[in-house]
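To start, the structure under review is shown below, and the notes come after it.
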Amino acid sequence: MNNRFVINYVPGPTFFHKLSGFTKVFFFIVMTVAIIATYDVRILWPLFFINLGIMISMKPNYKPIVFMFLFSFVTVTLIGNVMLFVVSPDAGLNNIGAEHILWSSATGRFYLSKEWIWYTFVVFTKRTASFASVIAFALMTTPSEFASGLNKCGLSYKVCTIISLAYRTIPDIANDFVNIRNSMMMRGVELGKKAPLWTRLKNNVTLLVPLIMTSFGKVTNIANAMDLRGYGKMKKRTWYVEHDPTKADKLIRALTWTLLALTVFYIAYARIINPWPAKMWCPWLLREEIQQVSLEESFFLFRWLKGLFEK
């Protein structure tokens, strides 16, 4: 179950597994903010390697992680870059502030620049760092620790319980899907690889009705059980998975506070005090070489509307 969904339901034995729920959630939130705050690869790559080191230290099953990474790489990066090239080949100029053309079509409508390649590389780096952060957090945190950490951060414990239950029902829903699918195949419904693609898609849609009904039945049972135990009557509650901070917790929290302070300083300096003229830093461009691109020139729709009105 853990190997299929990259979710731990029992705390592991490693250093990061033994941290408290609040420490894990606090670290994940600050790491996410740090990744979102910048497009500078000089910052993104260190953050990525920190999360990669955390991931490797927990000795996970790499098969589902590699599958998810490859799936997101094909669907988001490759297909997204092709669509971006078709719609906005000048994304490099809009985000970096310069263009060095490497290839151009006969009409000049499509062209490839060094800055466009750098832009897609930076975006890929940002997505990869975010992916590594999410996977590292999922590997080290159980649903109960996640809920307790969010509650200690100030979120209502009722909302935290809903989040914990949602995580815990993922394998149950997957098992119900497999059982219903096998039952329908035994009754002669074509769901195997030998059936045509459209037939498989249409028959798989019919699985949703019994799957939804089964899920609603389980939700009703859980709600009734919680009502019978008086859940929600008190303003606060305790969590059996949350423990007093250990030396490891204090160390990680201190490092997290340091990362938060550096992130705030970076945002203040790079966005307010001494901002870079373009959205992204580029290693072969000096500040003086960067062109200022107006808002109308930054979006394909605005340029198209502008050209339409000029005609």
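Of all residues being in contact (Cβ under 8 Å) with a residue 24 or more places away in the chain and assigned to a helix (DSSP H, G or I) in region 242-254, which is least open to solvent (accessible area, probe 1.4 Å)? Just the residue, please.
Among those that are in contact (Cβ under 8 Å) with a residue 24 or more places away in the chain and assigned to a helix (DSSP H, G or I), it is 249.
Does residue 188 satisfy being loosely packed, with under 13 Cβ neighbours inside 10 Å and either in a loop (DSSP other than H, G, I, E, B) or in contact (Cβ under 8 Å) with a residue 40 or more places away in the chain (or both)? Reasoning before the result, please.
Details: loosely packed, with under 13 Cβ neighbours inside 10 Å: yes; either in a loop (DSSP other than H, G, I, E, B) or in contact (Cβ under 8 Å) with a residue 40 or more places away in the chain (or both): yes.
For residue 188, the condition - loosely packed, with under 13 Cβ neighbours inside 10 Å and either in a loop (DSSP other than H, G, I, E, B) or in contact (Cβ under 8 Å) with a residue 40 or more places away in the chain (or both) - is met.
Regarding region 132-140, can at least one residue be identified that is in a strand (DSSP E or B) and either among the hydrophobic types (A, V, I, L, M, F, W, C) or within 30 Å of residue 15 (Cβ to Cβ) (or both)? Steps first, please.
As a first pass, look at region 132-140 and keep what is in a strand (DSSP E or B): none.
No, every residue in region 132-140 fails to be in a strand (DSSP E or B) and either among the hydrophobic types (A, V, I, L, M, F, W, C) or within 30 Å of residue 15 (Cβ to Cβ) (or both).
For region 156-166, name all the residues that are in contact with a helix residue (DSSP H, G or I) (Cβ under 9 Å, 6 or more places away or on another chain) and open to solvent by 70 Å² or more (accessible area, probe 1.4 Å).
162
From the list 142, 169, 107, which residue is of a type in the set (Ser, Thr, Tyr) and open to solvent by less than 40 Å² (accessible area, probe 1.4 Å)?
Values: 169 fails: open to solvent by less than 40 Å² (accessible area, probe 1.4 Å); 107 fails: open to solvent by less than 40 Å² (accessible area, probe 1.4 Å).
When all the criteria are applied, what remains is 142.
Output yes when any residue across region 118-132 is under 27 Å from residue 22 (Cα atoms) and open to solvent by less than 10 Å² (accessible area, probe 1.4 Å), and no when none is.
Narrowing region 118-132 to residues under 27 Å from residue 22 (Cα atoms): 126-132.
Checking which are open to solvent by less than 10 Å² (accessible area, probe 1.4 Å) leaves us with 129, 132.
So far as region 118-132 goes, yes, one or more of its residues are under 27 Å from residue 22 (Cα atoms) and open to solvent by less than 10 Å² (accessible area, probe 1.4 Å).
Keeping to region 74-99, report how many residues are touching a residue at least 24 places away in the same chain (Cβ under 8 Å) and either in contact with a helix residue (DSSP H, G or I) (Cβ under 9 Å, 6 or more places away or on another chain) or open to solvent by less than 40 Å² (accessible area, probe 1.4 Å) (or both). Explain how you work it out, then say what you get.
Applying the first criterion (touching a residue at least 24 places away in the same chain (Cβ under 8 Å)) to region 74-99 yields 76-77, 81, 84-98.
Next cut, either in contact with a helix residue (DSSP H, G or I) (Cβ under 9 Å, 6 or more places away or on another chain) or open to solvent by less than 40 Å² (accessible area, probe 1.4 Å) (or both) only: 76-77, 81, 84-85, 87-98.
Result for region 74-99: 17.
Are any residues in region 105-131 in a loop (DSSP other than H, G, I, E, B) and of a type outside the set (S, T, N, Q), and if so, which ones? Don't jump to the end; show me each part of the working.
Narrowing region 105-131 to residues in a loop (DSSP other than H, G, I, E, B): 105-110.
106, 108, 109, 110 - these are the residues of region 105-131 that are in a loop (DSSP other than H, G, I, E, B) and of a type outside the set (S, T, N, Q).
When region 1-51 is examined, which residues are found to be of a type in the set (Lys, Arg) and more than 24 Å from residue 148 (Cβ to Cβ)? Give the steps one after another, and end with the answer.
Filtering region 1-51 for residues of a type in the set (Lys, Arg) gives 4, 18, 24, 42.
Across region 1-51, the qualifying residues are 4, 42.
Which members of region 14-72 meet the condition of being under 23 Å from residue 272 (Cα atoms) and either modelled with pLDDT under 90 or in contact with a strand residue (DSSP E or B) (Cβ under 6 Å, 6 or more places away or on another chain) (or both)?
Matches in region 14-72: none.
The values are calculated or read from the model by the stated rules, or taken from the named source; none is laboratory data. These figures come from a predicted structure and were not determined experimentally. When we count neighbours, we look across all protein chains shown, and the Cβ atoms used for this are built from the backbone with ideal geometry, even at glycine. Heads up: the accessible areas ignore ligands, DNA and RNA and are worked out on the full protein's heavy atoms, side chains in. Shrake-Rupley method; radii C 1.70, N 1.55, O 1.52, S 1.80 Å.
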